[in-house]
Every structure is written in structure tokens, then in C-alpha cells.
Amino acid sequence: CKAQAAFAYAKSFSRLGRVCIEEVLHGVEVGGDAMLCEGEIVLLAISVKHLDGFLVRGHSFPNDITLAQQNAVRNEIRRACELLQYRSGALNFDIMVDGEGATIIELGARLGGNGLSELITHAFHYDIEDNVLRLALGARPQVPIMDHVQPCGSWVFGTPRQGRLLRISSLEEMKQRVPNIFAMSSTTQPGRLVRAFVHNANQIGLVLFAISKGETWAGVASTIEQSLVLNVSRNRSTSA
């Protein structure tokens, strides 16, 4: 049957002859960061997670799930942390929301990537990195006021083919084309080998931007993509 064939195919790639079988989760996947202090969730920033298949293309605030779903996310994080006896520190999460239920996909005792910390600072006027450091040094972190959200997002980019990075737009060039942009970073520099953007480890960089009234994450991200100059040679050499 198809299940047996899939099992055998997966096992052929396993060095130990073991296969991990995962359950299909239905619903909407959200991401974000949280911070715990002495067992209390003092910060919960739930983001919209923008996916292209398995690629994370960015995050945005505010989220678009209901209050009941937000409470389900909070309750599930609290329950998991109690079971793990994780009482103080940063927490990055990916959670599937379905109806009024929430299922944890992944928890990490760290701050999230893809510009999440910077987005939280912009969206909630709250320096999460500073407060995580305060917590690590034994001081109680400040509790943010979350009743007002400045809409913003991140867009992650890469190249469809392997080659040498020849040129990439600068922040100044991009801000002239898309004034919404307030930050941009790159994981590499011209002259270095870049690989096809088939998973997030191969990303080249990300752009952070404000989302004005009447705009959407998808609309701004599309404008940025059209404005970005990303020249990559067709050199297929895998040498560094």
C-alpha cells in the first residue's frame, strides 16, 4: 500500500533504520515569541506566519486570529511550560490553531529569527532583547502594554538558483523605492556562494517594513520583491 511504500522510502534515507511518523495538523499556523518570569507569561506576541510551502517568508503583526484562539495559544504554552518546568526565559513558538483549540508544533528556549525581535520592538514599542537580558541577569523584566499594535512585517528572501552573489540592493536604495522599509539585513556578501532558496537555512536576507493603513503584508512584500536587485551568477561550483 502507499503507506508501506512511503515508510520504506523514508527508511532508505535513515542511517539508523528509524522513521519518524508525524500527524497531519489542520488549521492555521502562527508563530511568535513569549517571555516567562517565575512561571508567569509576561509577554505573548503572536504573529501571522507567512509560509510558501515549507519556506517561512516572514512574519507580521497584528495577528489575525480570534481572542478565543489567542487564549488557547496562551493556555497551551502555559501548560507545556508547566510540564517542562520552564519558569523563566525567552520562548519562541510555532503553534497550529484549529477552531478554538491549539496544538504546539515547536517550542524553543530562545528568541525567534526572521526579524521577530525587531518586529516586536516596532509593533509594541517594547525592547524584548533588552528585557530578556534583564531577566537573565536576575532583574524582573518590564511588562509591555499590548493594547496598541503598530502594523509591521518581515520578508525573507533568497535566490532560486545556486551561484555567486554579485550584487544586492543596499538599505538606502531599497528605502528610496519602498519608504515603508525600516531595516534590512543580509547573511552574506557579494562574491560568496549562495544556494537555492529551498529551505530557510539558504536564505540571503530579510527586510523589515511598516504596514500602513489600507496595505497588506502581501502587497508590501510584493513591492519589495519587485524592487530588490539580487544578481547571482550561474556558477554551479560548490566550493566556498
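Hey, if you drop one equal point scatterer on each alpha-carbon of the chain and run the Debye formula without solvent, what base-10 log of I(q)/I(0) do you get at q = 0.14, 0.16 Å⁻¹?
Log-scaled intensity ratios, in q order: -1.04, -1.20.
Based on the Kirkwood radius over alpha-carbon pairs, what value in µm²/s does the Stokes-Einstein equation return for the translational diffusion coefficient of segment 42-132 at 20 °C and 1.002 mPa s?
On the way: Rh = 13.9 Å.
Estimated diffusion coefficient is 154 µm²/s.
Run the quick spin-label model on residue 2 and residue 229: label points 7 Å from Cα toward the beta carbon, then report their separation in nm to one decimal.
4.8
Helix-derived [θ] at 222 nm for the chain: sum -39500 (n - 2.57) over DSSP H runs of at least 4, divide by residue count, nearest 500? Don't skip to the end; give the middle numbers.
On the way: 6 runs with 64 residues, N = 240.
Counting only the DSSP helices, I get -8000 deg cm²/dmol.
Say a site is exposed when it is one of the GluC sites (Glu not before Pro), sits in a DSSP loop, and has at most 12 other Cβ atoms within 10 Å; what is then the longest site-free stretch of the chain? Present the calculation step by step, with values, prior to reporting the outcome.
Details: sites that count: 22, 23, 38, 100.
Longest gap between qualifying sites, sites excluded: 101-240.
Within segment 5-105, report the chymotrypsin sites (Phe, Trp or Tyr not before Pro) that DSSP leaves as loop and that have at most 16 other Cβ atoms within 10 Å.
13, 54, 86
Return the loop-located trypsin sites (Lys or Arg not before Pro) in segment 67-169 (DSSP other than H, G, I, E, B) with at most 14 other Cβ atoms within 10 Å of their own Cβ; answer none if there are none.
Loop-located and lightly packed - 87, 110, 161.
A short reminder: the numbers here are calculations on the coordinates, not readings from a lab. Not measured: the values here are computed from a predicted model. Glycine gets a Cβ as well: all are built from the backbone with ideal geometry, and neighbour counts include every protein chain shown.
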